[in-house]
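K.L.:
This is the structure, below, for whatever I ask next.
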There are 2 protein chains.
Amino acid sequence: MDIAMIEAAAGRLKGHGRVTPLLSSPFLDEIAGRRVLVKAECLQVTGSFKFRGAWSAISALDPATRAKGVIAYSSGNHAQGIAHAASLHGIPSVIVMPADAPRLKIDNTRALGAEVVLYDRAAGEDRDAIGQAIAAARGLTLIKPFDEPQVIAGQGTTGLEIADQAAAEGVTEADVLVCCGGGGLTSGIALALEARAPGLRARPVEPEGFDDAARSLAAGSIQTNNRQSGNICDAILTPSPGRLTFPIMAARCGPGLAVSEDEALRAMALAFLRLKIVLEPGGSVALAAALFRPEAVAGEAVIAVASGGNVDADLFREALGRFAG
Amino acid sequence: MDIAMIEAAAGRLKGHGRVTPLLSSPFLDEIAGRRVLVKAECLQVTGSFKFRGAWSAISALDPATRAKGVIAYSSGNHAQGIAHAASLHGIPSVIVMPADAPRLKIDNTRALGAEVVLYDRAAGEDRDAIGQAIAAARGLTLIKPFDEPQVIAGQGTTGLEIADQAAAEGVTEADVLVCCGGGGLTSGIALALEARAPGLRARPVEPEGFDDAARSLAAGSIQTNNRQSGNICDAILTPSPGRLTFPIMAARCGPGLAVSEDEALRAMALAFLRLKIVLEPGGSVALAAALFRPEAVAGEAVIAVASGGNVDADLFREALGRFAG
């Protein structure tokens with residue numbers, strides 16, 4: 001993994017992915033006590049950053065392999081990214097999804113052209129084993145959600161844009177808070193920033209009780225969460241950082257942060273009120289940390305990556321009802 | 001009014017306003033039966049396109065005049081644009097607002113640094129007369145919400161961006177549907193497109209029962225609405241097109257369109273689900289027309305300007321509860 005892979009992924013994405021805006025609001029600056037810049041990846045194609053990695057990985061396959069199709073396992077955002085990127089390439093896709101994923105994500109994945117296979121996350125079924133078995137039987141290429149170099153390279157293109165956009169705002173030294181599941185986005189951004197904006201430092205943000213990345217960085221070795229479900233931040237409830245992503249993060253990232261479910265919902269309400277964007281809980285934890293953990297961040301500005309917006313209407317209404325009054 | 005004024009306004013806005021993205025979703029394309037490109041002006045500074053015209057007008061004043069301060073009358077979005085642009089210039093602002101404007105808009109206008117004076121829209125109080133009296137007494141410059149050349153020039157910068165962004169998407173012939181109140185945004189975009197993208201044609205979209213622009217274009221002379229309130233699209237309930245904006249529109253725009261309140265709410269719900277942006281009712285009528293009036297639009301693609309997102313949480317929750325299930 002190096003910056004050349006990320007730049008190559010950016011070249012393949014051009015004209016297919018979106019350069020998402022870096023947003024801000026004086027109201028958010030006041031809450032945080034410093035400038036807050038929000039990278040709105042909820043506005044990415046399919047509603048999350050995952051399209052970047054999906055497109056990067058599929059477009060990097062050799063044509064004969066790609067033509068047979070791809071398979072992925074995902075709680076929903078990687079699923080939608082793969083389904084749409086596969087459709088745009090004109091190839092079949094199979095997505096293995098937990099049966100308790102938000103219905104919107106399951107429906108969208110099907111509507112974007114994928115065949116969806118459900119598994120029971122609470123019963124401990126192993127999505128890797130399921131995915132690999134189907135891949136072998138049908139000759140599909142498995143595209144892992146984070147521990148895959150071309151996926152990390154694709155997510156890293158977010159970091160290239162952050163480096164340019166922050167510089168245009170006069171920000172060259174700041175923490176870059178990143179919603180973190182398996183670490184694909186965090187490690188990709190960390191690699192891009194190291195090369196392009198060394199004064200910007202990536203830091204993972206997770207839900208309280210699911211802070212495997214933060215504990216792994218603190219311990220210097222991969223740590224695992226006790227639970228694998230039971231939190232509204234469904235998009236980022238991975239058991240542990242990846243074997244590829246962890247060493248990248250360990251060498252480059254600042255300490256991790258964790259926020260509560262209510263803080264995630266409150267950040268969603270503030271993003272609605274002040275930025276006019278829709279965030280899902282797992283996509284709002286970085287903004288929540290920027291707003292509600294000011295003492296844990298240094299510097300005059302902070303950058304938060306708002307990584308996705310695929311939330312069911314009922315949960316969004318709850319966030320507004322409780323925190324946007 | 002000419003393209004040079006709009007280009008000059010774009011130069012003054014650079015580094016202060018935002019280049020908002022042109023968004024799309026395969027789900028919206030399917031509903032409309034053609035490609036739908038959405039210019040997300042809800043992501044503009046202060047949550048609506050109005051910041052463009054406000055900044056353009058204030059930045060065009062001579063420094064001595066500007067230093068005395070500005071005054072505006074507005075149902076809310078022009079108010080916030082003027083308040084914030086004035087604060088950034090370090091000058092005082094007074095905003096005359098209807099007492100029944102959404103509370104969020106009144107609160108935000110005050111928080112952005114303006115002195116707010118309320119008037120009773122339903123009782124027929126004349127906001128022009130109120131504004132002009134205060135302006136004369138305090139030496140403030142009145143900045144009208146639409147019938148002011150530098151405001152039209154500022155709103156027209158939206159059209160410059162649409163021309164470039166649509167060309168990048170391969171779209172050079174299409175209707176550009178614009179949420180229309182007094183016609184500042186519609187006329188500014190029409191001027192910009194005439195010069196930069198002659199295959200794109202601006203068309204105003206209004207709420208049913210408040211379609212003064214559509215009827216004025218059809219009649220060839222300025223027509224007035226019977227009612228001035230009583231519709232959720234508060235941002236665009238002006239009595240008639242302006243004396244400056246109407247002739248600009250009459251010479252360049254296609255026929256107007258009108259949508260119902262429920263169609264506006266449904267477009268808000270679809271923008272939430274498919275684009276991850278927050279729209280207010282008055283900012284969603286153009287998208288509603290693109291989605292629900294396909295027979296009234298010609299061509300393989302349609303562009304809708306989503307002009308603002310300053311909506312109270314309760315109304316947004318209602319839109320999701322009814323149309324995002």
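Taken together, the values in this text are just the output of simple stated rules run on the coordinates, not laboratory data. The shown structure was predicted, so the numbers you read here are calculated from the model rather than taken from an experiment. Here Cβ is always computed from backbone atoms with ideal geometry, including for glycine, and neighbour counts include all displayed protein chains.
K.L.:
How crowded by other chains is B:273-281, given as the mean number of beta carbons from other chains within 10 Å of each beta carbon? Intermediate values should be presented prior to the final figure.
P.N.:
Working: counts 10, 3, 6, 19, 8, 8, 1, 1, 0.
Going residue by residue through B:273-281 and averaging, the value is 6.
K.L.:
Out of the stretch B:137-240, which trypsin sites (Lys or Arg not before Pro) are coil in DSSP terms and have no more than 13 other C-beta atoms within 10 Å? Don't jump to the answer; show the numbers that get you there.
P.N.:
Details: sites: B:R138, B:R196, B:R201, B:R215, B:R227; in loops: B:R227.
Answer in residue order: B:R227.
K.L.:
Working only with C-alpha atoms, what are the Rg and Dmax values of the protein assembly as shown, expressed in angstrom?
P.N.:
Expressed in Å, the Cα Rg and Dmax of the protein assembly as shown come to 24.6, 82.
K.L.:
Taking Rh as the Kirkwood radius, which is the inverse of the mean 1/r over Cα pairs, what is the Rg/Rh value for the stretch A:283-325?
P.N.:
Values: Rg = 12.7 Å, Rh = 12.0 Å.
Taking Rh as the inverse mean 1/r over Cα pairs, Rg/Rh reads 1.07.
K.L.:
Need one value for A:40-48: mean number of C-beta atoms belonging to other chains within 10 Å of its residues' C-beta atoms. Please report the intermediate quantities before stating the final value.
P.N.:
Details: counts 5, 1, 3, 7, 1, 4, 2, 5, 1.
Mean inter-chain Cβ contacts per residue within 10 Å come to 3.
K.L.:
Counting every Cα pair in the stretch A:51-142, what percent are over 22 Å apart? If you can, show how the numbers build up before the last one.
P.N.:
Values: 808 of 4186 pairs.
Distances greater than 22 Å cover 19 percent of the Cα pairs.
K.L.:
A:D100 label points, 7 Å along Cα→Cβ, one per copy: pairwise distances from this copy to the rest in nm, shortest first?
P.N.:
List, nearest first: 4.8 nm.
K.L.:
Smallest Cβ-to-axis distance in chain A, for the rotation taking A to B: which residue, how many Å?
P.N.:
In residue-and-Å form, the answer is A:R317, 2.
K.L.:
Once every DSSP H run of n ≥ 4 in chain A is given -39500 (n - 2.57) and the sum is divided by its residues, what mean residue ellipticity at 222 nm do you get, rounded to the nearest 500 deg cm²/dmol? Please report the intermediate quantities before stating the final value.
P.N.:
Values: 14 runs with 150 residues, N = 325.
Value at 222 nm, helices only: -14000 deg cm²/dmol.
K.L.:
Take the Cα radius of gyration of the stretch B:69-225 and divide it by 2.2 N^0.38 Å, with N its residue count; two decimals is plenty.
P.N.:
It is 1.15.
K.L.:
Within 10 Å of each Cβ in B:15-25, how many Cβ atoms from other chains are there, averaged over the peptide?
P.N.:
Details: counts 3, 0, 0, 4, 2, 1, 6, 1, 3, 2, 3.
Mean shielding count: 2.
K.L.:
The stretch A:273-325: which GluC sites (Glu not before Pro) are DSSP loop and have at most 15 other beta-carbon atoms within 10 angstrom?
P.N.:
Values: sites: A:E295, A:E300, A:E318; in loops: A:E300.
Of the GluC sites (Glu not before Pro), the ones in loops of the stretch A:273-325 whose Cβ has at most 15 other Cβ atoms within 10 Å are A:E300.
K.L.:
Relative to the other copies, what are the label-point distances for B:P255, with labels 7 Å from Cα along the C-beta vector, expressed in nm at one decimal and sorted shortest first?
P.N.:
Between copies, matching label points for B:P255 lie 6.6 nm apart.
K.L.:
Which value, in nm² and rounded to one decimal, describes the direction-averaged projected area of the C-alpha convex hull of chain A?
P.N.:
Values: hull surface 58.6 nm².
Its Cα hull, projected and averaged over all orientations, spans 14.6 nm².
K.L.:
Can you give the charge dipole size of chain B about its Cα centre, rounded to the nearest 20 debye, using +1 on the beta carbon of Lys and Arg and -1 on the beta carbon of Asp and Glu? Working shown, then result.
P.N.:
Numbers: 30 positive and 35 negative charges, 134 e Å.
Computed about the Cα centre, the dipole is about 640 debye.
K.L.:
If we count other beta carbons within 10 Å of each Cβ, what is the order of B:S24, B:S284, B:S48, fewest first? Working shown, then result.
P.N.:
Values: B:S24 19, B:S284 34, B:S48 30.
Final ranking by Cβ density, sparse to dense: B:S24, B:S48, B:S284.
K.L.:
How far is helix A:281-292 tilted, in degrees, relative to the longest principal axis of the Cα atoms in chain A, given as a value from 0 to 90 rounded to the nearest 10?
P.N.:
The angle comes out at about 20 degrees.
K.L.:
Now, a different point. How do B:K50, B:K105, A:K144 line up, fewest other C-beta atoms within 10 Å first? Don't skip to the end; give the middle numbers.
P.N.:
Numbers: B:K50 34, B:K105 30, A:K144 20.
Going from sparsest to densest Cβ surroundings: A:K144, B:K105, B:K50.
K.L.:
For a quick check: sort B:C180, A:C42 by the number of other beta carbons within 10 angstrom, fewest at the front.
P.N.:
Numbers: B:C180 36, A:C42 27.
Ascending Cβ contact count within 10 Å gives the list A:C42, B:C180.
K.L.:
Label position 7 Å from Cα toward Cβ: report the copy-to-copy distances for B:T172 in nm, one decimal, ordered from shortest.
P.N.:
Output for B:T172: 4.1 nm, nearest copy listed first.
K.L.:
Rounded to the nearest 5, what is the percent of antiparallel bridges among the DSSP beta bridges in the protein assembly as shown?
P.N.:
10 percent
K.L.:
Between beta-carbons, use under 14 Å as the cut-off and find the net charge around A:L237, counting Lys and Arg +1, Asp and Glu -1.
P.N.:
Local net charge: -4.
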